[in-house]
Structures are given as C-alpha cells and as structure tokens.
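Down below is the structure, laid out as structure tokens.
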C-alpha cells in the first residue's frame, strides 16, 4: 500500500498554516507537500517539519501569486528570465526545506514556440539543479484553461526529448481522469515515468473515495507496479479535513 502525504495548501486549512504540520502528523501522515511556500518563513517551516518528524515531498517552482496569478512561466515565450529567477528562488527555499521533488509549472501558452521554450527551460533547469528531482504535471484544461501541459502523451514526449535523469512525471489521478477518463489505462501508459502521485475524488475534487475513480484498485495497481514514492492527498475537503479522512483509514485497513 502506498505511503500517503498531506497537501497543506489544500488540507487542514481550518488552522493557521504552521499549525497544519502537527495536524497532519496527528492524522497519520508521515509527509506533507506545500504548493507555494514562498510567503512563509522557510526557517519556521523547517522547524515544523523537524518537530513533527515529517518529510516535505513536493513544492512548486513559484508563479508570482497562487490566488489569481500566472501558473508558472516555463513554457511561456519571452519569460525565460522570469522563469530562471523563479527557479533560483525555489532552490534557495529547497536548500533549507529539502523537498523530494520540485514541480516546474509550465504556465499558460500554446503552440510550437511554447513547446520549444518549455524544452529549453527544462534542459536548463535539469542542468542547474542536477541533485534535485524535478517534475512536470499535466493539468486538465477545465480547472486551468490555457495551461500548456494538458496532455499525458505530450508530457511523455517532452520527457523523452529532455532525457534528463532528474526529470520525471507527476501523476495526478484526478487530472488523469479529467483529461483521459481512464485513470487505469493512463497509469499503465505512463506509470514508469512517474516519480510522484497526487489524488483527489472526481467529480468535485473532494476526498478520494467513491466517485468516478476506483482508488482501492488504483492503489493495488501501484503496489503491483512496485511504486515506492509518496501519494499526496491534494483535494478540497467536503467538510473539515478530519471529518473526511475515512478514505485514509480504509486504505490503511487494506494493508492488513
């Protein structure tokens, strides 16, 4: 059965941000991810991780503003300088927070020039940070209109073109369902490229239980494939976070 992490940008939002680390530990998580940690003190976050014996599994290379701002710049022609500036900022945070993975957001763009820009920036980033695991993630166009990387086959082609050992796929099962309507087949096609997984229910992006995605079956597929990374809960709770954690208890019960 997979190892589960809590996305603290989505979960435990009933609490102040720094209190969410302890709440995640009490709820039974051994790791967390934070989408955009840049508005907080890296030193204080590191102290919360250490105090609660938590690993940080993922953070995003920063767009300027999660609440309505651009979603990255890696594929945006003409924004190469901004992308590199943001990447350097992320590395400074990563030096202290020690995330397992850095997710490079593509941003809103389209066409051949955007693809070439994306590949060029990914080449640069993988060489700039050879000791960091970097990821790219297809995001469905319904949730993020105009986002460049909205297709798993495109992601696979770009990973093959960049061909860097420290660049892998971030597989979000919710986005896979929204893009392909077949999480099982998408995992079969792209699981070998995957270094990090995120989950949420569909429709609605609530708790990963019931709904259109067979999560017990998906977790069994991960075990069969020998996936050893974390599976991060990145969903909007239907009620309080704790009230909706029955899915975690059920998954743990499957372990026997």
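Read the figures in this text as sums done on the coordinates, not as results from a lab. If you're wondering where the values come from, they're calculated on a predicted model, not measured in any experiment. Glycine gets a Cβ as well: all are built from the backbone with ideal geometry, and neighbour counts include every protein chain shown.
So, in Å, what gap is there between the alpha-carbon centers of the range 163-177 and the range 194-256?
Each part's Cα centre sits 17 Å from the other's.
First measure r as the distance between the Cβ atoms of residue 127 and residue 41, then evaluate 1/(1 + (r/R0)^6) with R0 = 25 Å and state the FRET efficiency to the nearest 0.05.
In this case the efficiency is close to 0.25.
Return the distance in nm (one decimal) between the two label points of a simple spin-label model at residue 164 and residue 212, each offset 7 Å from Cα along Cα→Cβ.
3.3 nm
Expressed as a rounded percentage, what relative contact order does the chain have, with Cα pairs under 8 Å and six or more residues apart?
Relative contact order of the chain: 20 percent.
Calculate the spin-label point distance for residue 252 paired with residue 110, positioning each point 7 Å from the Cα along the beta-carbon direction, and give it in nanometres.
Placing both labels 7 Å along Cα→Cβ, they lie 4.6 nm apart.
Based on the Cβ-Cβ distance of residue 81 and residue 157, what FRET efficiency does E = 1/(1 + (r/R0)^6) give at R0 = 30 Å, to the nearest 0.05?
In this case the efficiency is close to 0.70.
For Cα pairs less than 8 Å apart in space and 6+ apart in sequence, what is the mean separation divided by the residue count of the range 1-120, i.e. the relative contact order in percent?
Computed value for the range 1-120: 24 percent relative contact order.
Would you compute, from DSSP H runs of 4+ residues alone, the mean residue ellipticity of the chain at 222 nm, taking -39500 (n - 2.57) per run and dividing by the full residue count, rounded to the nearest 500?
Mean residue ellipticity, 222 nm, calculated: -12000 deg cm²/dmol.
Contour minus end-to-end for residue 185 and residue 27, with contour as 0.36 nm per residue of separation and end-to-end as the Cα-Cα distance?
Here the answer is 53.7 nm.
Find the centroid of the Cα atoms in the range 72-91 and in the range 27-48, then give the distance between the two in whole Å.
Cα centres, the range 72-91 to the range 27-48: 23 Å.
Can you compute the modelled spin-label distance between residue 220 and residue 242, with each label point 7 Å from Cα toward Cβ, in nm?
Label at residue 220, label at residue 242, 3.3 nm between them.
Would you please put 119-129, 172-182 in order of how densely packed they are, using the mean number of other Cβ atoms within 10 angstrom per residue and starting with the highest?
So the peptides 119-129, 172-182, ranked by packing, come out 172-182, 119-129.
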